[in-house]
1. Through the Karplus equation 6.51 cos²θ - 1.76 cosθ + 1.60, θ set to phi - 60°, convert the phi angles of the stretch 180-193 into ³J(HN,Hα) values in whole Hz; use x for Gly and Pro.
2. How large is ³J(HN,Hα) for each residue in the stretch 26-37, as worked out from phi by the Karplus curve 6.51 cos²θ - 1.76 cosθ + 1.60 (θ = phi - 60°), to whole Hz, x for Gly and Pro?
3. Starting from the amide H of LEU12, placed 1.01 Å from N in the peptide plane, find each other amide H under 5 Å away whose residue is 5 or more places distant or on another chain.
4. DSSP loop GluC sites (Glu not before Pro) in the stretch 144-208 with at most 11 other Cβ atoms within 10 Å of their Cβ, which ones?
5. Can you check what the Kirkwood hydrodynamic radius comes to for the stretch 106-206, Cα pairs only, in Å to one decimal?
6. Exposure proxy check: SER206, SER13 ranked by fewest other beta carbons within 10 Å?
Amino acid sequence: MTPETVSHYRILSKLGAGGMGEVYLAEDLNLGRRVALKLLPARFMQDAERVRRFAQEARTAWVQATLAGEYPARSIVRPTAVKPELSSTIVVHPEAAFDKWYQDVSGPPLDLPPVELGQRSYQMRGCTQCHTTDGSKLVGPSFKGFLAREHRLSDGTVVEPSDAYITESILDPTAKVIQGFEPVMPSFKGRLHELEVAGLVAYIKSLP
Ligand code: HEC
């Protein structure tokens, strides 16, 4: 692509194409910083519904990005000015950096051996508020000797402490409620990496 200047933006490369225009990496010549620029055909601005939809899109901007970084997003209509309401920020994490970010901000390192990962997760995710590993009862049952002891549900049935049961207990805790306890455990569905769930299962099973 030949270098092009639109308004006070110099276009550097194409990031992707969306439903209503094309998105470019550009340099804001006034601020001297990089922005994501979406170019729309001018005729769109005559259509109020389109503009409304576009403002919405600018707030929940999605681009198929090929370059990592953080870009203020500006949507402009050729050949006129930038509309301030059509602005947002697009943050693009490369995949490896995303995994790193995930580990840093939200949990134990995912490359730990499963039992160790599960132990860290047990401590970091607040399981210790309600569960112990020494046999003492808190809000929830202790994990001590998990495989060896009986797991009797509130309806009297006894379940095997299988991987599937432990996983379900973490992701959908009210599906089976242990007798003598209240169904107060929060669901961890969508809050834990699947490796972390597997780690918790391994850790709970490993407890003597
Ligand atoms: C607010 C308290 C609370 C927190 C936090 C909590 N739990 Fe629970 N958990 C309970 C209660 C109460 C039960 C028993 C009732 C039931 O089965 O839902 C339970 C049951 C379980 C069971 C089944 C126990 C058995 O004896 O069969 C597992 C496994 C479990 N929790 C794992 C976890 C893990 C792993 C975490 C952290 C990621 C966690 N829980 C966090 C309260 C909690």
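Taken together, the values in this text are just the output of simple stated rules run on the coordinates, not laboratory data. Bear in mind that the values here come from a model prediction, so they are computed numbers and not experimental data. All Cβ positions, glycine included, derive from the backbone under ideal geometry; neighbour counts span all protein chains shown.
1. x, 10, 8, x, 10, 6, x, 6, 9, 4, x, 10, 10, 5
2. 9, 10, 7, 6, 7, 8, x, 10, 7, 9, 9, 10
3. Distant-sequence amide H within range of LEU12: LEU25, ALA26, GLU27.
4. GLU150
5. Evaluated over the stretch 106-206, this radius sits at 13.7 Å.
6. The order, fewest Cβ neighbours first, is SER13, SER206.
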